[in-house]
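The values are calculated or read from the model by the stated rules, or taken from the named source; none is laboratory data. Predicted, not measured: the structure shown is a model, and the values here were computed from it. Here Cβ is always computed from backbone atoms with ideal geometry, including for glycine, and neighbour counts include all displayed protein chains.
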2 protein chains.
Amino acid sequence: MEYQLQNFVYPRTMATDRLTRKGQVTRDRIVQAAARLMLEQGVARTTIEDIQVTAGVSPSQLYHYFPGKDALVLAVVDHQAGQVMGIQHEGLDRLDDLEGLGDWRDLMIGLLTKVQCVGGCPLGSLASDLSEADPVARVQLASAFESWEGLLRSGLERMQDRGELAADADPGELAVALLAAVQGGLLLSQIRRDPAPLRTAVNTMIDHLRSLSSTGGVR
Amino acid sequence: MEYQLQNFVYPRTMATDRLTRKGQVTRDRIVQAAARLMLEQGVARTTIEDIQVTAGVSPSQLYHYFPGKDALVLAVVDHQAGQVMGIQHEGLDRLDDLEGLGDWRDLMIGLLTKVQCVGGCPLGSLASDLSEADPVARVQLASAFESWEGLLRSGLERMQDRGELAADADPGELAVALLAAVQGGLLLSQIRRDPAPLRTAVNTMIDHLRSLSSTGGVR
């Protein structure tokens, strides 16, 4: 995924301020290699040696940046949260009507199709993988999902302010349901190797929001 | 989860017909131990030795039933599919109106609360864990999710036949969206250790179905 973070600062798991530019590049290469391997085979199946070889760094270089696998896992969570939130900001920052939600859906479908549904949601997969095994990562993931939910809620609130959503609709509840539709849709798409379930899940939520739109005349 | 399969036969990954009753009990004990460990710590983090110790069997006993971890993983997928489908049959077999969907939701929330949201969906967690790592398990999981989706679709079709759902609603699409809501809701509940996201996701879908109900007067 080539999306860059824009105007988005995610709390770092470790201080990277003091790294030289070259040091930062090496660290990024390690994290990106780790993120890709963990997405493709899971966290537990990814060894420090795999990451070191894939990143093309020596063991001592890797240990210079990461004292152990736990630190690397948190850096991967941080990295994937940044990637996903970058995409979500791109899709949601200017959201103000139902058409905008259609563009957001198409952005996600496009990215999923490009990777042939492999890995599902980079953040959701880590959440499923780490929720029981790594309590620190779980808290970090919960915080990332809270940010994502907040972004959806803000978009829905803007729609409501503009009269695109009924005044008595609950943007907070609808944001949770939209996020669940995305996560569930991505998982079903990953299992079937077909973007259709994600499209159906999000379309159904858009239909629901349309039924709640003040212009839809439903309520 | 103490739910028993009722009137539901799920294809077995290996012939168990020739096992003695005692052999069947031992095999079940191994599969149940493996299923619990894999739910709590993930497939890759669960070793054959963990399973053997937890099940209280000797290594040679375990290898008598399962030639290796791959076979055990498929048996766990099969076992969890049976457990989950047992619960889903219980919740959906007599589904014929929106109130029935509320009971189905409460059944799932009750089970999730009982385990304090640990493990999320036994089937969804395996799907996320194994979709990339184990192509055979992925196909087996896809088939289990197809059965689950079919069960939801049948319920929605019955509601439609009874006039509880508008004639132009699409039970197939709505079944996918409901399943996505359940999976996404369960994942968010697992991350937050709170059943609220699952409740919200399913409630939103029930609200949507209500807006499509012929009695709801929406369409």
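Matching residues to (1) buried (at least 16 other Cβ atoms within 10 Å of the Cβ); (2) part of a loop (DSSP other than H, G, I, E, B); (3) at pLDDT below 95:
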residue: B:TYR10; (1), (2), (3): yes, yes, yes
residue: B:ASP17; (1), (2), (3): no, yes, yes
residue: B:THR46; (1), (2), (3): yes, yes, no
residue: B:GLN52; (1), (2), (3): yes, no, no
residue: B:ALA71; (1), (2), (3): no, no, no
Check your understanding: Name the pairs whose Cβ atoms lie under 7 Å apart, with the first residue in segment B:45-62 and among the polar types (S, T, N, Q), the second part of a helix (DSSP H, G or I), and 6 or more positions between them or separate chains?
Key -> B:THR46/B:ALA34; B:THR46/B:LEU37; B:THR46/B:MET38; B:GLN52/B:PRO59; B:GLN52/B:LEU62; B:THR54/B:ALA33; B:THR54/B:LEU37; B:GLN61/B:THR26
Point to revise | Hey, A:GLU90 out of contact with any Asp or Glu (no Cβ under 8 Å at 6 or more places or on another chain), touching a residue at least 60 places away in the same chain (Cβ under 8 Å) and surrounded by fewer than 19 Cβ atoms within 10 Å (Cβ to Cβ) or not | key: yes
Revision key, fill the gap. Of the listed residues (A:ASP78, A:ASP97, A:ASP134, A:ASP106), the one being surrounded by 13 or more Cβ atoms within 10 Å (Cβ to Cβ) and without any contact (Cβ under 8 Å) to a residue 12 or more places away in the chain is A:ASP106
Study note, to complete from the structure: Of those in segment A:83-107 that are in a helix (DSSP H, G or I) and among the charged types (D, E, K, R), the residue nearest to the other protein chains (Cβ to nearest Cβ) is A:ARG105
Review point. Would you call B:GLU164 buried (at least 22 other Cβ atoms within 10 Å of the Cβ), away from chain A (no Cβ under 12 Å) and not polar (S, T, N, Q)?
Key: yes
Exercise for review: Taking the residues in segment A:108-128 that are part of a loop (DSSP other than H, G, I, E, B) and β-branched (Val, Ile, Thr) as candidates, determine which candidate is nearest to the other protein chains (Cβ to nearest Cβ).
Suggested key: A:VAL118
Point to revise | Scope segment A:194-206; condition at the interface with chain B (Cβ under 7 Å from one of its Cβ atoms) and either farther than 16 Å from A:ALA175 by Cβ or among the aliphatic types (A, V, I, L, M) (or both); matching residues | key: A:PRO197, A:THR200, A:ALA201
**Study point:** Residues of segment A:129-138 satisfying the condition of being at the interface with chain B (Cβ under 9 Å from one of its Cβ atoms) and in a helix (DSSP H, G or I)
**Key:** A:ASP129, A:LEU130, A:ARG138
Check your understanding: With respect to the numbered conditions (1) farther than 16 Å from A:GLY184 by Cβ; (2) within 13 Å of chain A (Cβ to nearest Cβ), which one is the sole condition not fulfilled by B:HIS79?
Key -> (2)
Exercise for review: Give A:GLU146, A:GLU157 a once-over and let me know the one that is surrounded by fewer than 18 Cβ atoms within 10 Å (Cβ to Cβ), in a helix (DSSP H, G or I), away from chain B (no Cβ under 12 Å) and among the charged types (D, E, K, R).
Suggested key: A:GLU157
